[in-house]
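Structure first, commentary second.
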Amino acid sequence: MELIDLGATVHSEGVFEDFLHQICERFELEHAAYAGVNPVSQTIHGFVTYPDAWKRHYTEQGLDRLDPTLHCAARSIAPVDWSRLAGQPNFDRVFRDAGDFGIGRLGLTIPVRGPFGDIGMLSVSGNGRPEQWHKRVAEVISDLQSVAVHIHDTVMRSEDLSRLLRHPQLSKRELEILQWTAAGKTQHDIGEILSISHRTVEVHLKSSRDKLYALTTSQAVARAIALRLIYPI
């Protein structure tokens with residue numbers, strides 16, 4: 001999956017991070033993070049209160065592909081306490097690195113499922129003794145679940161973020177082939193135009209159909225036009 005820092009892409013830069021800082025202050029938390037999974041493009045997008053150095057390390061090391069707090073929560077309908085993940089593959093790898101940046105293992109991830117197949121996750125973390133943390137979580141879990149739904153819905157209503165979340169990420173070649181298909185060209189024609197084999201054309205078309213959740217190439221073309229990824233001829 002590709003990791004996208006929403007705080008660096010949206011026009012309202014800083015607004016969501018400020019909200020997360022308010023959550024930390026209100027509920028006496030160390031850090032908070034929002035992450036969402038786009039089921040179409042298979043990207044993870046998010047913003048966090050973590051230090052920039054940890055964000056860079058997390059991205060450069062591809063830890064989003066390993067992080068059990070994301071992947072286990074994405075399959076869950078209930079909040080996931082990080083203590084339950086200690087035996088999961090890659091848990092020690094991710095949190096050993098996190099510890100180098102002052103981020104501990106006491107945390108909770110709350111999944112939210114949206115109407116477009118989108119998944120949002122609010123993660124919060126704390127410090128101190130485990131018994132204190134679990135007592136604090138028990139006191140505020142209902143409020144945190146409401147906050148998780150609110151922040152995910154707010155993200156989905158943002159015009160820039162909705163575009164990012166809902167539009168599939170087709171490659172330049174896939175779009176090029178769909179555009180020629182929309183123009184009425186056959187796979188053989190497209191292969192000659194682009195100097196590639198017709199089998200390669202079919203591989204790209206299959207990939208486009210998968211990304212657009214289309215059963216046929218005609219349906220893929222129609223959806224690509226509707227999303228303004230290509231244009232009718």
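The values are calculated or read from the model by the stated rules, or taken from the named source; none is laboratory data. Since the structure is predicted, the reported quantities are computational estimates derived from the model, not experimental observations. Counting neighbours? That spans all protein chains shown, and the Cβs are built from the backbone with ideal geometry, glycine included.
Restricting to strands (runs of 3 or more DSSP E) lying wholly in segment 31-120: which have 1 or more residues that are over 20 Å from Ser146 (Cβ atoms)?
31-38, 43-48
Given the condition of a type outside the set (Ser, Thr, Tyr) and on the phi > 0 side of the Ramachandran plot, answer yes or no: does some residue in segment 61-72 qualify?
Yes, segment 61-72 contains a residue that is of a type outside the set (Ser, Thr, Tyr) and on the phi > 0 side of the Ramachandran plot.
Tally time: how many residues in segment 205-220 are among the small types (Gly, Ala, Ser) and either closer than 10 Å to Glu174 by Cα or in a loop (DSSP other than H, G, I, E, B) (or both)?
Number of matching residues: 3.
Leu215 is checked against (1) surrounded by 15 or more Cβ atoms within 10 Å (Cβ to Cβ); (2) over 24 Å from His45 (Cα atoms) and fails just one. What number does that condition carry?
The single condition Leu215 does not satisfy is (1).
Of (1) at pLDDT 85 or above; (2) of a type in the set (Phe, Trp, Tyr); (3) touching a Phe, Trp or Tyr at 6+ places or on another chain (Cβ under 6 Å), Phe16 satisfies all except one. Which?
Against the list (1) at pLDDT 85 or above; (2) of a type in the set (Phe, Trp, Tyr); (3) touching a Phe, Trp or Tyr at 6+ places or on another chain (Cβ under 6 Å), Phe16 comes up short only on (1).
If you take the residues of segment 186-204 that are among the polar types (S, T, N, Q) and in a helix (DSSP H, G or I), which of them is surrounded by the fewest Cβ atoms within 10 Å (Cβ to Cβ)?
Only one residue fits best here, namely Thr200.
Could you look through segment 125-156, keep only residues that are of a type in the set (D, E, K, R) and surrounded by fewer than 16 Cβ atoms within 10 Å (Cβ to Cβ), and pick out the one that is farthest from Phe101 (Cα to Cα)?
Asp153
Suppose we filter Gly107, Gly62, Gly114, Gly36 for residues that are within 14 Å of the chain's Cα centre (by Cα) and buried (at least 21 other Cβ atoms within 10 Å of the Cβ); which single one remains?
Step by step, each of Gly107, Gly62, Gly114, Gly36 is checked, and only Gly36 is within 14 Å of the chain's Cα centre (by Cα) and buried (at least 21 other Cβ atoms within 10 Å of the Cβ).
From the list Val124, Val94, Val112, Val140, which one is of a type in the set (A, V, I, L, M, F, W, C) and either without any contact (Cβ under 8 Å) to a residue 24 or more places away in the chain or in contact with an Asp or Glu (Cβ under 6 Å, 6 or more places away or on another chain) (or both)?
Residue meeting the stated conditions: Val94.
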